[in-house]
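Down below is the structure, laid out as structure tokens.
The values are calculated or read from the model by the stated rules, or taken from the named source; none is laboratory data. Predicted, not measured: the structure shown is a model, and the values here were computed from it. Cβ: placed from backbone, ideal geometry, glycine included. Neighbour counts: every protein chain shown.
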Amino acid sequence: MAVHDSQEMVLITGASGELGQALIKELGNRNSAVIAADVRSLPPELTRYCSVVLEGERGDVTTSELGYALVEYPITRIFHLAAVLSTAAERDPVRAHQINVQGTLNILELAQAIGQRYERTVQVIFPSTIAVYGFASVHDKHQAGKVTEDNALEPRTLYGVTKLHCERLGIYYSHYYKQLSGEQSWVDFRALRFPGLISAETLPTGGTSDYAPEMLHAAARGVPYLCFVRPDTQIPFMAMPDGVRALLLLAQAERSRLSRQVYNIGAFAPTAAEIATTVAEYFPSASITFQVDTRRQAIVDSWCADVNDNAARRDWGWEPQYDYVRAFAEYLVPAIKQRYATVTTENV
Ligand code: AKB
């Protein structure tokens, strides 16, 4: 592996997922030495941004192999993105628990072991989610308005439960690790609670906020879309470039400026009907019909309508670059038109 002394070495788990793919490009362009790990294969066009690619069993966060393989690398930062999302987790809760919780525990152990070896702190940046919030009814959710980090932490999905647990595991590893033996912690854990992400380049798999990106991609491809939630459904969303920016801003923030370790980040919170209207404005032949899947609807109904991200704005200068109008006009629509103009239907 060719790594230069001036390069920071960064591990990305779940590298082949939506956020991972976007982050790899950004870090590769910033001259970081990227180690990409995922059980799935990395899209071939991304390997040029990576110093090491671990795929299949070698990239699996649930086994100790990954830790053995990487403990000697002078990694300073880990973006631990590997996780099973909400809908997929409900379909196989035991597997999702294994990946989301055991995977995170293994990564925290790896960070601690690398920190011990090199006697320096290793950052673990963790994408948490709005699924950690849980409301008993649509009325309660709208009454609550923009939820703050310490309220309504009553997740109703396995995904939300595992993410909330892992936030707390990360805090434990940062401050109380093996406290009875007075062991030093080498982990600097920081988490972001992501809203639904919308990318023009990739489609999510296994989430419940997927209706927004699916609606847009279907319209851009000229295929009809059956939206599985009610038109009045409201949760927060964010354009992918802002998601990547948030990860990097939090990673670069001075530790002393952080008043907490887990932050909400927001951008816009449209209803499904508003998204459908905007999509139809840009793609007049779009065919979007609402056909509610009551079980998936119950999941999004339990999530917050919007988030209060004042702490992130105050502590590390968070501000989305894309509000709703700009996200469509300047990122999603131009990029998606270009994507489907150059991609054959077999690749879609
Ligand atoms: C999901 O739908 O599961 C995710 C999320 C909101 O965290 N996109």
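Residues considered: L42, L66, L11. Of these, the only one that is of a type in the set (A, V, I, L, M, F, W, C) and more than 19 Å from I114 (Cα to Cα) is L42. Within the stretch 115-124, being among the polar types (S, T, N, Q) and in a helix (DSSP H, G or I) holds for one residue alone: Q116.
With respect to the conditions (1) β-branched (V, I, T); (2) closer than 24 Å to I265 by Cβ; (3) buried (at least 20 other Cβ atoms within 10 Å of the Cβ), I114 lacks only one, and its number is (2). With respect to the stated conditions, T162 is within 13 Å of the ligand (Cβ to nearest atom) and either more than 19 Å from A131 (Cβ to Cβ) or out of contact with any Pro (no Cβ under 8 Å at 6 or more places or on another chain) (or both). The single condition from (1) out of contact with any strand residue (DSSP E or B) (no Cβ under 9 Å at 6 or more places or on another chain); (2) farther than 21 Å from G206 by Cβ; (3) not polar (S, T, N, Q) that V53 fails is (1). When T233 is tested against the conditions (1) surrounded by fewer than 22 Cβ atoms within 10 Å (Cβ to Cβ); (2) of a type in the set (S, T, N, Q); (3) touching an Asp or Glu at 6+ places or on another chain (Cβ under 8 Å), the lone failure is (1). Restricting R58, R77 to those that are touching a helix residue (DSSP H, G or I) at 6+ places or on another chain (Cβ under 7 Å) and modelled with pLDDT of 95 or more reduces the list to R77.
Restricting the stretch 125-155 to residues that are assigned to a strand (DSSP E or B) and under 18 Å from Q261 (Cβ atoms) leaves a set whose member that is nearest to the ligand (Cβ to nearest atom) is T129. In the stretch 276-283 there is no residue that is within 16 Å of the ligand (Cβ to nearest atom), out of contact with any strand residue (DSSP E or B) (no Cβ under 7 Å at 6 or more places or on another chain) and acidic (D, E). Taking residues in the stretch 188-213 that are farther than 30 Å from V122 by Cα and near the ligand (Cβ under 9 Å from one of its atoms), and partners anywhere that are aromatic (F, W, Y) and outside any loop (DSSP other than H, G, I, E, B), the pairs with Cβ atoms closer than 8 Å and at least 6 places apart or on different chains are S209/F237. Any residue at all in the stretch 161-183 that's among the aromatic types (F, W, Y) and farther than 29 Å from D315 by Cα? Checked the stretch 161-183: no residue is among the aromatic types (F, W, Y) and farther than 29 Å from D315 by Cα. The single condition among (1) surrounded by fewer than 20 Cβ atoms within 10 Å (Cβ to Cβ); (2) at pLDDT 95 or above; (3) over 19 Å from Q123 (Cα atoms) that M1 does not meet is (2). The selection criterion, being surrounded by fewer than 22 Cβ atoms within 10 Å (Cβ to Cβ) and either over 24 Å from I75 (Cα atoms) or under 21 Å from the mean Cα position of the chain (by Cα) (or both), holds for R168.
Checked against the criterion of being within 30 Å of F290 (Cα to Cα) and in contact with a helix residue (DSSP H, G or I) (Cβ under 8 Å, 6 or more places away or on another chain), the candidates V229, V161 yield just one match: V229. Restricting attention to the stretch 171-183 and to residues that are over 22 Å from Q252 (Cα atoms) and loosely packed, with under 13 Cβ neighbours inside 10 Å, the residue that is nearest to the ligand (Cβ to nearest atom) turns out to be Y176.
Set side by side, the residues A218, A212 differ, and just one is touching a strand residue (DSSP E or B) at 6+ places or on another chain (Cβ under 6 Å), of a type in the set (A, V, I, L, M, F, W, C) and over 27 Å from F135 (Cα atoms), which is A218. Close Cβ contacts (under 7 Å, 6 or more residues apart or on different chains) running from residues in the stretch 130-156 that are without any contact (Cβ under 8 Å) to a residue 24 or more places away in the chain to residues that are hydrophobic (A, V, I, L, M, F, W, C) and not in a helix (DSSP H, G or I) are absent.
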